[in-house]
Structures are given as C-alpha cells and as structure tokens.
C-alpha cells in the first residue's frame, strides 16, 4: 500500500509501528493547538481586547469638583449619564485585616480551608472565614468628596498571592508524622477528628491548606465609570443605567501603560506560538515522509 499524505491521516500506514504513529498524531494535535492559540493571542493583541478602558473613549470626563457642582445645581433625583471619573476611594471607618492590623481596606476577605482526599472523595472543612466591607465609602480628589451609593460588593478585590498557610504535624518520625493543625498568621487552627481520620485513610496521607486572601486598599486611586445623582444633601456616585458601572484600580495613565505592556506581551507570545506551530508542522511533515518511505519498502 502506498502512503498518501493527508493532514489527519486516520489510517496507520504499512510498516509503521503504533508507537511511531501515536507520536505522529501528537504532532498533529500540537500543531493544531499551537496554531489556534497563536491566532487567538494575535487577534487579542491587534484588536486590543484586553484594553480595560476600551469603550470609554467617548464618555465625557468629569472631575469630582465639577460633579459636586453639577449635583448642587440640579433638582434632587436628576442624574447624569455614564461619565468617567478619576480619584480615590476612601472609607469613613476603614476595615482592618485581622491578620495585618496595619492594613486598612475598604473590602477584605480571608478563607482558610483544610482538605484531604479519602477514596477519591474530598473531605474539606473551613477553619477561618472572614469577610467585611466598610459601611461608608466616599470618592474624593483630596479636597471634594462624594458618597458612593452603589452596591459596595461591586468594588473589585485583588488577590494576595503572597499569603500562605502551612500544615503542622505531630510525631518525632517525619515519615510517620500526622497532620494536626494549620498555621496561618501566627495562629494555630486545629484539625477536626474527622479530617485527621480522613488524612490517615487518604492515599496521599496528607492535608492541604487552601488559603484565599483578597482585599481592596483604603485610599486606592481608581478610574470609575459611573453616574452622578443630585440629592437634597448634594450629590452621590451611583450605578449608571444599563449596568455600566466600572471600577479600575490605578490612574488612567497607569492603566493605559499596563494594558499596552499586556498587548506587547500577547503579541510576542503569539509569535512564539506561531514559530512553535511551524516547527511542529515541519516535524510532522518529516515524520510523514519517513512513513512514506517505510510503507513503500
């Protein structure tokens, strides 16, 4: 049987081992996957889809002082359409992170869990769960401030990837020591008897500490897409009609610079993927040529 070149080559050629043909099929899948991701990242880089300020270029820009003046000059209940604002989010009484007394935030969340597998089933227990949001938040430029009147849960929190917790063990022999607690921020959280038993029965014989720590700093500079509503007491920041509220940490210049770097990275990454796809395609073609020679012997 003479081998004919086909991109997919479903049938294995004569005189070609199953192992070699499986390797060839892996080259095909690698070529397709890297080509797909290369094209996708190139499209993202060219179109600027990762641009967080995309779609806000035509929105009117309003200073906080101008927003306050607008609210004072209008009847109560009058509101603007979506406008772009830049300033700082501050709380009257910021929340203090329980594991860092010096860290004051508008929102904070800590969740510590211990997990262990037993017969392919995951046993999990929550050791610490803390979630708080400041009651009163203002948007300010340092001089003028307006109260924030939208749902504060919409303020995005950043994840602290540096935070970690470790498992504590009991027993002098390292090989046979057993997990007994989770240590985090100089606090010890004992494991329940059920989780200890699960760890003893687990094929991995261990416990994993899963920590999530998120926060939004007090006084963080932000670019906000919101609306201004006049009230009897002045004005306030509200969610624009059409669910268009957007809160982006950083100044407009910082956000634009970060997005520009992301586009450059995606462009370079798409080139690397494209070169990888080309090399895989060459290896695939060479492999198939080798199969042709074998099948014609």
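Hey, can you rank 237-246, 154-163 by average C-beta count inside 10 Å, highest first?
Sorting 237-246, 154-163 by mean packing, highest first, produces 237-246, 154-163.
At R0 = 25 Å, how high is the FRET efficiency between residue 292 and residue 271 if r is their beta carbon distance? Nearest 0.05 is fine.
Computed FRET efficiency for residue 292 and residue 271: 0.20.
Which shape class, rounded, prolate or oblate, goes with segment 199-255 when its Cα gyration tensor gives a ≥ b ≥ c as root eigenvalues, a/c under 1.5 marks rounded, and past that a/b bigger than b/c marks prolate?
It comes out prolate by the Cα gyration axes.
Rounded to whole Å and sorted largest first, list the principal axis extents of the Cα atoms in segment 165-275.
65, 58, 26
Determine the percent antiparallel among the DSSP beta bridges restricted to segment 139-297, to the nearest 5.
Counting DSSP beta bridges with both partners in segment 139-297, the antiparallel share is about 95 percent.
In nm, what is the difference between 0.36 nm times the number of residues separating residue 143 and residue 126 and their Cα-Cα distance?
In short, 1.8 nm is gained.
What is the angle, in °, between the Cα long axis of helix 18-47 and the longest principal axis of the Cα atoms in the chain? Nearest 10 is fine, range 0 to 90.
That works out to roughly 30 degrees.
Looking only at the chain, where both bridge partners belong to it, what percent of the DSSP beta bridges are antiparallel (to the nearest 5)?
On the way: 60 of 62 bridges.
Taking every DSSP beta bridge with both residues in the chain, the antiparallel ones total about 95 percent.
Compute the FRET efficiency between residue 58 and residue 159 as 1/(1 + (r/R0)^6), taking r as their Cβ-Cβ distance and R0 = 25 Å, and round to the nearest 0.05.
It comes to 0.20.
If a/c stays under 1.5 just call it rounded; otherwise compare a/b with b/c (prolate if a/b is bigger, oblate if not). Do that for segment 16-139, with a ≥ b ≥ c from the square roots of the Cα gyration tensor eigenvalues. Write out the running numbers ahead of the final one.
Working: a/c = 4.27, a/b = 1.50, b/c = 2.85.
Oblate, since a/c reaches 1.5 and b/c is not below a/b.
Working from Cα positions, state the angle (0 to 90°, nearest 10) between the long axis of helix 64-73 and the longest principal axis of the chain.
Roughly 50 degrees, rounded to the nearest 10.
With the crude spin-label approximation of a point 7 Å out along Cα→Cβ, what separation in nm comes out for residue 26 versus residue 151?
4.8
Whole percent per 5 Å bin, from 0 to the bin with the longest distance: what is P(r) over all C-alpha pairs of segment 73-116?
Spelled out per bin, shortest first, that is 5, 13, 14, 12, 13, 12, 10, 10, 6, 3, 1, 1, 0.
List 146, 127 from most exposed to least, where exposure is judged by having the fewest other Cβ atoms within 10 Å. Could you put the intermediate results ahead of the total?
Values: 146 25, 127 22.
Ascending number of Cβ neighbours within 10 Å: 127, 146.
Rounded to the nearest 10 degrees, what's the angle between the helix 252-295 long axis and the longest principal axis of the chain, both from Cα atoms, 0 to 90?
Tilt of helix 252-295: around 10 degrees.
Given a Förster distance of 51 angstrom, what is the FRET efficiency for residue 194 paired with residue 93, based on the Cβ-Cβ distance and rounded to 0.05?
My answer for the efficiency is 0.85.
For the pair residue 103/residue 136, report the inter-label distance in nm, with labels modelled 7 Å from Cα in the Cβ direction.
2.6
Cα gyration tensor of the chain, axes a ≥ b ≥ c as square roots of the eigenvalues: rounded (a/c below 1.5), prolate (a/b > b/c) or oblate?
Working: a/c = 3.63, a/b = 1.39, b/c = 2.61.
Verdict is oblate for the chain.
Every number in this text was worked out from the coordinates using simple rules, so none of it is lab data. Computed from a predicted structure; not experimentally measured. Positions of Cβ are generated from backbone atoms using ideal geometry, with glycine treated the same way; all protein chains shown enter the neighbour counts.
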